[in-house]
């Protein structure tokens, strides 16, 4: 199951257990919970819920891992032949969130158990030769 959430003017596709960096969200360092409203939810059977009437009561719960500053961006403006140059830097304040649950009313809740492991992926059978390959 995954969901598309919107925070800080951007949209993110998240699943349970994902860790994402978003624009600064108020919350305590290490352990505070944040509830986000999803724009779209796709469940394990592939059913898409995107209408506001289907998403009433839906929520994505994430815990705040920490706050940090993003990479420094350098802004340089220049006008030819006039000697106009302007340097500026910017670092965005970010919050790291870990998605704990995706809850859609009327369906079972998606939460990753810490002791449960994913089943191993089945290996694909070897590809059949197409006859275009040259032998020898």
Which whole-percent values make up P(r) of the stretch 2-111 when all C-alpha to C-alpha distances are grouped in 10 Å steps starting at zero?
14, 36, 23, 13, 9, 4, 0
Using the count of nearby Cβ atoms within 10 Å as a rough guide to exposure, how do 95, 101, 77 rank from fewest to most?
77, 101, 95
How far apart, in nanometres, would the label points at residue 79 and residue 4 be if each is projected 7 angstrom from Cα along the Cα-to-Cβ direction?
4.2 nm
Listed with the fewest Cβ neighbours within 10 Å leading, 74, 91 appear as 74, 91
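A short reminder: the numbers here are calculations on the coordinates, not readings from a lab. Computed from a prediction, not measured in an experiment: that's the story for all the values here. We place every Cβ from the backbone using ideal geometry, glycine too, and count neighbours over all the protein chains shown.
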